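Colleague: Before I ask anything, let me first share the structure, which is written out below as structure tokens.
Nothing in this text is a laboratory measurement; each read-out follows from the coordinates by a stated rule. Just so it is clear, the model here is predicted, and its values are computed rather than measured. Here the Cβ positions follow ideal geometry from the backbone for every residue, glycine too, while neighbour counts run over all protein chains shown.
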Amino acid sequence: MVDAYFVGIAILTIGTSIVALESKELIYGAIALAISMLGIAGFFLLLDAQFVAMFQITVYVGAVAVLVIFTVMLVRTQDLFSTKDDKGRKVGGIILALVTLGGVGAIFLVSGITNPMFGNLDSDPIDIKEIGKSMLTYYSPALIVLGLTLAGAVIGALALARREGLLKENESIN
Amino acid sequence: MVDLQGIIGFEGMGINAWLIWILPFVGAALVPAIAKVGNRARNYAAVGFALASALSAATLLPIALDGGQIHSQINWIPILNIYAGTLADSLSILMTNIAAWISFLIFIYSLGYMHGDKNLTRYWFFMLFFIGSMQLIVLSDNLLMVFFGWEGVGLASFALISFWYHDKKKDFVGTPGHYAGGIQMWASPSHAGLKAFLMTKAGDIMMLSGMFLIFGYAGTFGFTELLQDQSWAAEMARSNLLVPAAVLIFGGAIGKSAQFPLNEWLLEAMTGPTPVSALIHAATMVKAGVFLVARIGPLFFAVSALNSSQFFEVVAWVGAITAFLLATQALVNPEIKKVLAYSTGSQIGLMMMGLGIAGLSSSFVDGYTSGFFHLMSHAMFKASLFMGAGAVLHAVGSRFMTDMGGLRGKMKKTFLFMMMAGLSLAAAPFITSGFWSKDAIFASVLESGYQYSWILFAIAVMVSFMTAFYTFRMLGMTFFGNNSKFIQQNESNQHIHEVSAVMWVPFAILAVASIAVGLIGFAFEHQLHEMFTSYLAGTFGIHTELSAAHEVPAESGSGFLGLGELNPMAVTASIGAFALGALLGGLVYMKRVISPEVVSRSIISRAVWKFFFNRWYLNTALYWGAVIGPLAIYRIIWRYFESTIIDGINPGLQGSMTYFSKVIKAGQTGIAQTYLFVFAAGLMIIIMLLFL
Amino acid sequence: MNQLIDFVIISIALFSIGIYGLVVKRNAIRMIFSIEIIANAANLNLVAFSRHVHNVEGQVFALFSIAIAAAEVAVALGIIIIAYRLYKQIDVHEFRSLKG
Amino acid sequence: MDFLSTPLLVTVILGSVGLAIPIIDSLRKERGAGNKLYSVISVGAIILILGIISIRLFSGEPIPTIEFGKGMLADDMFGAFFAISLLIVSVMVTASSWNYMKNKTNPAAYYSLILLSSIGMILIAYSTDLVMLLVAWELMSIPTYALAAFSKRDPISNEAAIKYFLFGALSSAILVVAIGLVYGITGTTNIGQAIISMVNVQQDLVPITLLAVALFIAGFGFKMGLVPFHMWLPDAYEGAPTPIGALLAAGTKKAGFAAAIRVIVLAVFVLHLDWSMTLAIIAVFTMTLGNLGALVQKSVPRILAYSSIAQAGYIMIGLSLAPYSDQALGGSLFHIINHAVMKSAAFIAVAAVAITLASYSIEKYRGLARRMPLTAIALSISLLALAGVPPLNGFWSKLVLFNSAIVTGPEVWWGPYLAIAGVLNSALSLGYYAWIMRKMYMEEGPDMTRVKEPRAISAVLIFAMIFMVGFGIWHAPILDFATNSVPNLSQLVSVLPSVPIK
């Protein structure tokens, strides 16, 4: 059976993620998203993955959410706050979400991982040192590539965000 | 990966065989680029590539003399197990040298003849492209690559015949205003190019079907592979397909070599620049057909000596008919290049006759040697004659011999060398290569033992007589007598003079060579005979029972002037035909003691003259049967069927496709949410598909 | 005690919510929210499995995945800022000059 | 970590050049210029890497078949094959950008992003670990999101980038889920070990492995442009700057196939043979929809985008038949390298037209043969090659693919139908290819004056024409290379004794 922490975090996470999508004010949605990410970090703590949880908080809550909030404020105008969803599309979206939930959930439920013997999470937690060790040995090439990925993202984001009013451009061909 | 070992092959010489045909293609690709540097650089680069190709061909000569062969292959189309390769054996090495060196000389000649033409880049491109394709035909080790080269020379020939595609009146061929049976008998360059392309294409299609017929049974295109495993031949012979397949391939040769019934294109092909006529329509491309027969003839002879005699019969008779047909037409034509063109077709007919008689006789090698020897000597003197004719055209500015006359004083060198080459064509006894090669054909026909050989022999003698006559007629009308009215009228503004050295030296070399070969003609033939004997025995296992004629020098070793082995009847006939033809021609056109007008005095001779002049009405029949008739039929078909049925079905099909396309277009709404919905729903559907 | 399946169910629920948001929402920033929710669901899944399999690879993978998601968001926000400059709005539904 | 192994060498050299370019740019006084310099540097770096890989290939250094090593990257023939094909695409794109980026802002970032993205593509083909695969996948994707939006004044480019990004981010999240499932079942992210332990997976866990494979198909299928994950593709290819369209269509798409072959096909082997039929259905839908969609389009890059969906369908024939035929995967690889060159040539030709005539519309292509002869002939050759007209290279790869479908007839009833569908589709595709060519050669536009063709692009197009015609006439070396690079499945079977293989 699940414990109270789990139930509480689950309600918080799912609730805030729905709020993030449905709130009237975009800025509240952004804050709700940050809370939802905190909830995920809580799940990580429940799973004895403290390092990942910390990373989640620093990167997602600390960086991504703040970045998002900045952007929301940057582009903030009147029409950003209206939520104009089409009715039909909304119904279709809910049906699709339910089908996904039901279909994928059913696959998991009929499979072997519902077996209490399989899904046993009682073993000792993993030592954080192991993470560092494997990062520097087995995963070191991936780390280099990750570094390049982040560099690529930074270069790309900078190139896009930079304002170029000085150079005369004729970029558009249409 | 690429098996370099396979390419390099025999002591590192294999690569030369590839270079011979690759170099001209490389040159063709580079010429437009070099043209940017300058016109001079371009011209010399083109000649340089021709020379490089010729030099690599020359390096192979020792192998031919040793009777060796280089066969190198690379895996080309692995799916169908088809190999690309070069096969340099005695036959192909000789042929490649002839083609390469004559091309080289003609390239030099072109430097003078084409000087100042605006479209020289195009000219060099196609000339080099032509040489590459020609050498590909010669050196390829399989029928498929031969076919590619075959198409390549066809394309180059088409492009060069209609080189002057602006269709100026002076570039036309034929007598303006001459109609035969309602068909116009003169043609513009672009028309001539198209005609040549379509007619040779008819032959190509036959060749292609023959090739694939064989491929269907044998599973390979390679010459050596076909020879190694001969089960295909037996199987084809069982279902009576062997001879049809061989004849179909020969169809390609008929088209390319302008043999009856696909002979008409060669005459209009004379609209091309004269070096083109010399190279493509006299010395090399039209010989490709002969070469092909020489290539596959022994194969068919070897694989089933008994069943394939019909094939050789077809070859011999087609050759004989063509030789006779075109020789008669050459008698009456007024254009110098066209006379030479007729003569080319006619002489190729003789070569075909020699190759055909080879398969019908007990001693295969005699006919084979004679055919190929005639090919060699003809290549030399005909290229020389064409270049000489080009020099004359260049000087006079008219293609009609009636506009010339009395040129020997003004163009001494041209006259001298054309005279030498002309004597070779007319087969002047004992001193010209043409005599020896023609004599060899006569001898092989006589000795073949083929039941109708006497008819072939008679035709050959008649052709020989006519050849001598029209050669002297041509030389006489051009160089003897008095200047024509045309020259006299134009004397003031067109000063006729000898051409420059860059033009006369190439044809001088060839003319002298044809006399030189003639002087040692018998020894030369003997050497060739030896080479082919060992080639045929070594490669195809065709052993020759030494005929009485050849036994003597082979044992005594006194090859040089062993006149004793000549077939006396052949020699007599040959000398007689020459003497008669030359006498008649000389009297009428050189000494001009008899007027050519005698022909028009009798109705019969006039009718014959007209019949010959209208090319036996073959051109007329061709146009009525192949162009005008089908067009009329097509119009009827189009009106009643295509308009109702095809137009009825086609829009329906097209409409439904467009409809579906529009449905998809409508689905692509441009709204990202819709796209994502399709994505997610599609994922679900695929998951469901999996669990079904 | 909590079972693996519980975490997995939560993960699927978040995944479905993310799909819903992507399909329904028209505001570009909210679509990015949806993508983040899906990415978080995937990470939760990973860490849960890592706890069950009891080796470190899952957690390391989760770290990589988080870093990557952050990088993606950075580029995405750059694109959205340009979109805002061009259109003065960020309603993806209106961005449909490419279609057909 | 062996820095001299080919994949790491590629990463280090291209990565350092890629990062150095923006640094050089920030040090230069004249900001935003230097397009030529960066183009030359990038082309040089890529050619250097191409040379290194070719030399290593000829010296027989790569492991001669696909490897399932214990590491994250394996220097095998499969990787080398994709590395060479993708590097050819990158070099074509960077060289032609010389002209495209003229007078445009921020060239440093542009070339840097192309280089980084190329590393990602190459590493996908070399990776033997799912973590590495994912990180490389992102390294490939993230720079292309920015590149797609690179024409900042152009709303179309931005719209394309948004659509592309939404799909890309969704599919990478889906990939994370899929990899998580594989990891949860097998306890490892190493592909080889995962396959070995999947063979002995408990029966009640099989549904989850199937789900994982489905998610993999969705994740990779987005890049490959498979139906129903294709919707973003025409919009993104059309809207993105045209050379980037070439990079997406010829580069990232092929990397998607590399990933799919590394993961899905091998999973199909060890799991469940019925899977291949699903792939076959996807293949048929993909090629048909792509070709039908292209029929009534008015914009040439959009036609090429639809045609690239269709080509993905042809390549999928090989993937779906991999368990039954030895030729199938070889045919796929062969078509992949051919298609990479053909499609990038076509896109680059379109880029040349866009630069000089400032339009994508097919109406502007009327009389192009007179206005831009080289571009017109290159575009025609690449279109003919795409349609599979002999003797161009596209013909041979299609022949191998369709042939492999036919010969599987005795084993799988639907095999020959794939070939029939492929042939019918090729015939259909000729409709719109011929239409473009007719516009260029048969019709006359309002303006028939000759325009100057961009130099660098012309050089690239000449290279592509030589490739297409040369390897059309003599395709044996590439076919050999492709068949040698195929994952040697029989070897895999010997490692896995209980694999349910026919």
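Colleague: Using a 10 Å cut-off around each Cβ of peptide D:200-212, what is the average number of partner chain Cβ atoms that fall inside? Don't skip to the end; give the middle numbers.
Modeller: Working: counts 0, 1, 4, 2, 7, 5, 2, 11, 7, 1, 5, 8, 0.
The mean count of partner-chain Cβ atoms within 10 Å per residue comes to 4.
Colleague: Chain B: Rg/Rh from Cα coordinates, Kirkwood Rh? If you can, show how the numbers build up before the last one.
Modeller: Numbers: Rg = 28.0 Å, Rh = 26.9 Å.
My calculation puts Rg/Rh at 1.04.
Colleague: Here's a follow-up. Taking only C-alpha pairs under 8 Å that are 6+ residues apart, what is the relative contact order of chain D in percent? Present the calculation step by step, with values, prior to reporting the outcome.
Modeller: Numbers: 886 pairs, mean separation 79.6, N = 502.
This gives 16 percent for chain D.
Colleague: Counting other C-beta atoms within 10 Å, which of D:F58, B:F163 has the fewest, and how do the rest follow? Show your work: numbers first, answer last.
Modeller: Working: D:F58 9, B:F163 22.
Neighbour counts put them in this order, fewest first: D:F58, B:F163.
Colleague: Could you pull out the pairs from C:K99/D:K36; B:K337/B:K485; A:K90/D:K223; B:K201/B:K338 whose alpha carbons sit more than 24 Å apart here? Write down the numbers at each step before the final one.
Modeller: Numbers: C:K99/D:K36 35 Å; B:K337/B:K485 20 Å; A:K90/D:K223 27 Å; B:K201/B:K338 22 Å.
Those over the limit are C:K99/D:K36; A:K90/D:K223.
Colleague: Among D:84-94, D:390-400, B:394-404, what's the highest-first ranking by average C-beta atoms within 10 angstrom per residue? Don't skip to the end; give the middle numbers.
Modeller: Numbers: D:84-94: 26.8, D:390-400: 23.5, B:394-404: 19.6.
Top of the packing list down: D:84-94, D:390-400, B:394-404.
Colleague: At a threshold of 8 angstrom on Cα-Cα distance, excluding pairs fewer than six apart, so keeping six or more, what relative contact order does segment B:159-228 reach in percent? Could you put the intermediate results ahead of the total?
Modeller: Values: 53 pairs, mean separation 17.4, N = 70.
Value for segment B:159-228: 25 percent.
Colleague: Moving on to the next point. Quick check: the distance between the Cα centres of segment B:106-154 and segment D:339-390, to the nearest angstrom?
Modeller: Using only Cα atoms, the two centres lie 30 Å from each other.
Colleague: Within 10 Å of each candidate Cβ there may be at most 16 other Cβ atoms; applying that plus a DSSP loop requirement, which trypsin sites (Lys or Arg not before Pro) in segment D:66-129 survive? Walk me through the numbers before you get to the answer.
Modeller: On the way: sites: D:K70, D:K102, D:K104; in loops: D:K70, D:K102, D:K104.
When the trypsin sites (Lys or Arg not before Pro) of segment D:66-129 are filtered for loop state and at most 16 Cβ neighbours within 10 Å, D:K70, D:K102 remain.
Colleague: When the Kirkwood radius is taken over all Cα pairs of segment B:268-332, what Stokes-Einstein diffusion coefficient follows at 25 °C and 0.890 mPa s, in µm²/s? Intermediate values should be presented prior to the final figure.
Modeller: Details: Rh = 13.9 Å.
Translational diffusion coefficient: 176 µm²/s.
Colleague: Taking amide H positions as placed in the peptide plane 1.01 Å from N, state which residues far from B:A180 in sequence (5 or more) or on other chains have amide H under 5 Å from it.
Modeller: Close amide H contacts, sequence-distant or interchain: B:M185.
Colleague: Further, regarding this structure: Would you compute, for the Cα atoms of segment B:200-321, the largest minus smallest coordinate along each principal axis and list the three values in descending order, in whole Å?
Modeller: 48, 27, 21
Colleague: Right, here's the next one. What list of ³J(HN,Hα) values in whole Hz, one per residue of segment A:137-146 in order, does the Karplus curve 6.51 cos²θ - 1.76 cosθ + 1.60 (θ = phi - 60°) give from phi, with Gly and Pro shown as x?
Modeller: 9, 5, 8, 4, x, 5, 5, 4, 5, 4
Colleague: So what J values fall out for segment B:345-356 if you push phi through Karplus, 6.51 cos²θ - 1.76 cosθ + 1.60 with θ = phi - 60°, rounded to Hz, Gly and Pro as x?
Modeller: Coupling constants for segment B:345-356: x, 5, 5, 5, x, 5, 4, 4, 4, x, 5, x Hz.
Colleague: Let me ask something additional. Distance from the Cα centre of segment B:85-102 to that of segment D:156-182, in angstrom?
Modeller: Going from one Cα centre to the other spans 63 Å.
Colleague: Using per-residue counts of other Cβ atoms within 10 Å, averaged over each peptide, order D:402-413, C:21-32 from highest down. Kindly include the intermediate steps, with their values, before the conclusion.
Modeller: Values: D:402-413: 18.0, C:21-32: 26.2.
In descending order of packing, they fall as C:21-32, D:402-413.
Colleague: Using only Cα atoms, tell me the angle between helix D:455-473 and the longest principal axis of chain D; keep it within 0 to 90° and round to the nearest 10.
Modeller: The answer is roughly 50 degrees.
Colleague: May I ask for log10 I(q)/I(0) of segment B:348-492 at q = 0.13, 0.19 Å⁻¹, from a Debye sum over the Cα atoms as equal point scatterers with solvent left out?
Modeller: -0.62, -1.00
Colleague: Any idea what log10 I(q)/I(0) is at q = 0.12 Å⁻¹ for chain D, Debye with uniform C-alpha scatterers and no solvent?
Modeller: -1.03
Colleague: Around B:F507, under 12 Å between beta carbons, what's the net of Lys plus Arg minus Asp minus Glu among the other residues?
Modeller: Numbers: positive: B:K382, B:K413; negative: none.
Value of the local net charge: +2.
Colleague: Rounded, prolate or oblate: which fits segment B:1-158, taking a ≥ b ≥ c as square roots of the Cα gyration tensor eigenvalues, rounded meaning a/c under 1.5, else prolate when a/b beats b/c? Present the calculation step by step, with values, prior to reporting the outcome.
Modeller: Working: a/c = 2.07, a/b = 1.65, b/c = 1.26.
Prolate.
Colleague: What are the residues whose amide H is under 5 Å from the amide H of B:S140, where those residues sit 5 or more places off or on another chain and H is modelled from the backbone?
Modeller: Here the answer is B:L87, since their amide H atoms fall under 5 Å of that of B:S140.
Colleague: Right, next: Reachable lysines from A:K133, Cα under 23 Å, same-chain residues fewer than 8 places away excluded?
Modeller: Within the straight-line limit of under 23 Å, A:K133 reaches these lysines: D:K70.
Colleague: Here is a further query. If N is the number of residues in segment A:1-82, what value comes out of its Cα radius of gyration divided by 2.2 N^0.38 Å? Before the final figure, lay out the partial values.
Modeller: On the way: Rg = 14.2 Å, N = 82, 2.2 N^0.38 = 11.7 Å.
Compared with the compact-globule rule of thumb, segment A:1-82 sits at 1.21.
Colleague: Which links in B:K170/B:K413; B:K36/B:K170; C:K25/D:K152 stretch past 28 Å when you go from one Cα to the other? Let's see the in-between values first.
Modeller: Details: B:K170/B:K413 26 Å; B:K36/B:K170 30 Å; C:K25/D:K152 25 Å.
The pairs that break the limit, which is 28 Å between Cα atoms, are B:K36/B:K170.
Colleague: Can you give me the convex hull volume of the Cα atoms of chain C, divided per residue and expressed in Å³? Walk me through the intermediate numbers first.
Modeller: Working: hull volume 11.1 nm³, N = 100.
In chain C, the Cα convex hull volume per residue is 111 Å³.
Colleague: With an 8 Å cut-off on Cα pairs and a minimum separation of 6 or more residues, tell me the relative contact order of chain B in percent.
Modeller: RCO, chain B: 11 percent.
Colleague: Could I ask something else about it? Give the peptides B:166-174, A:42-50 in descending order of average Cβ contacts within 10 Å, highest first.
Modeller: Numbers: B:166-174: 15.1, A:42-50: 21.7.
In decreasing order of mean packing, B:166-174, A:42-50 become A:42-50, B:166-174.
Colleague: Same structure, new question: Report, in degrees rounded to the nearest 10, the 0 to 90 angle that the Cα long axis of helix D:6-27 makes with the longest principal axis of chain D.
Modeller: 30 degrees
Colleague: If you bin the C-alpha pair distances of the protein assembly as shown every 10 Å from 0, what whole percents do you get?
Modeller: Final binned percentages: 1, 8, 14, 17, 15, 12, 10, 9, 6, 4, 2, 1, 0, 0.
Colleague: Something else: What average count of beta carbons from other chains do you get within 10 Å of the Cβ of residues in C:83-94?
Modeller: Numbers: counts 7, 7, 6, 8, 3, 3, 4, 8, 4, 8, 9, 3.
Per residue, the number of nearby Cβ atoms from other chains is 6 on average.
Colleague: Check D:D76: other-chain or 5+ apart residues with amide H under 5 Å from its amide H, H built from backbone geometry?
Modeller: Correct list: D:I63.
Colleague: Averaged over B:84-96, how many beta carbons belonging to a partner chain fall within 10 Å of each residue's beta carbon?
Modeller: Values: counts 3, 0, 0, 0, 0, 0, 0, 0, 0, 0, 0, 0, 0.
The mean count of partner-chain Cβ atoms within 10 Å per residue comes to 0.
Colleague: Give me the angle, in degrees from 0 to 90, between the Cα long axis of helix D:130-148 and the longest principal axis of the Cα atoms of chain D, rounded to the nearest 10.
Modeller: 20 degrees
Colleague: Karplus couplings for segment D:190-201 from phi (6.51 cos²θ - 1.76 cosθ + 1.60, θ = phi - 60°), rounded to Hz, Gly and Pro as x?
Modeller: Residue by residue, segment D:190-201 yields 6, 4, x, 5, 4, 5, 4, 7, 5, 4, 9, 5 Hz.
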